[in-house]
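Taken together, the values in this text are just the output of simple stated rules run on the coordinates, not laboratory data. Since this is a predicted model, take the numbers as computed values, not measurements.
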Amino acid sequence: MALVLGVAGGCSSSDPAPGAAVPSSQAGTGNTSVSGSGSTGTGTAGSANATSGTGTGGTPSTAGATTTPGAGGQATAGAGGALTSGGTAGGVGGTASTGVSPPSGPFTCTQYIGAYLSMEWWNQGFQQQPGIEDGKWQLKWHHHGTIGNWGDANSPFWNDQGDPQDDSKGAPIQSACTTNSTAPDRIVMLIIEWDLITKEAWVEQIERIVTNLKAKYPSAKRIELMTTVRVVGNKMCNPDANYGPGANASAGREDCYIPPYADAAIAQVIAAHPEILAAGPQIEAPMCGPSVNGPHLGGENDKLTAQAMAAIYAKRP
């Protein structure tokens, strides 16, 4: 059965108060569907109330909202079955040509690497949610943790000591794993950026991030790339949003809207590294929340996002 989560709020707007969401926690067919293609395969994903389906070449998903690796079905945005809030992507692992996929766990230490946005929902009880083992998760965040910064191998952000609010200093580990904290075997990487507005620029920076992650965390067996929370239908919420050079430094120009070139870039990079990369969760909020700055969720919305993330990873230990 579909997992129903009341994930509310998504980004800046004066829209009406958010309501309840019915996430497509299973890949497959539903009331509405979207489709897309990757470099190695294609897939169709259900939206609300999905009950069953297949990732490209993968085993059909069930109530757990996951599919087992198969000969195809790389879990990328639009390739092998994407999802909305509360589920995991269809066809996790595998490409149409080789069947290669990263390990699916369980893992001893998962490190989430992100931005200020990540810390906001993480600190709303993520590690205390059912199914999440506190000692197997740790957070590394920096205020301006965009792909341009994480793509720089010499960025101070990579240091594990410093002040995450200071761009000249590092990003300390928060709530370190009890085992293998310095050698995490799974990385979940937030991919956000507002300065760069072409697929080519995004691919270049994400490839640099992947290179950096492999070099800095050779222990990592699986790296998941995920976007920030978006709104159902990926609507743009902030009427003042203006992506382009300089937007990373101005929250008023930012939004939780994910442009097509961003999803396409992430899919392309994942397809190029099927042995270690996979798509992270795609969480959707039903509406924009009022009085929110840029892509920041705020208050109750962060708490619900923490619950949604936990519901996903409880099934992906």
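Taking every Cα atom in the range 158-221, find the radius of gyration and the maximum pairwise distance Dmax, and write them in Å.
When restricted to the Cα atoms of the range 158-221, Rg and Dmax are 13.7, 40 Å.
Can you list the HN-Hα couplings for the range 218-233, worked out from phi with the Karplus curve (6.51, -1.76, 1.60; θ = phi - 60°), rounded to whole Hz and with x for Gly and Pro?
x, 6, 5, 9, 9, 10, 9, 9, 9, 8, 6, 4, 10, 9, 3, x
Rg (Å, one decimal) plus Dmax (Å, integer) for the alpha carbons of the range 212-270?
14.7, 43
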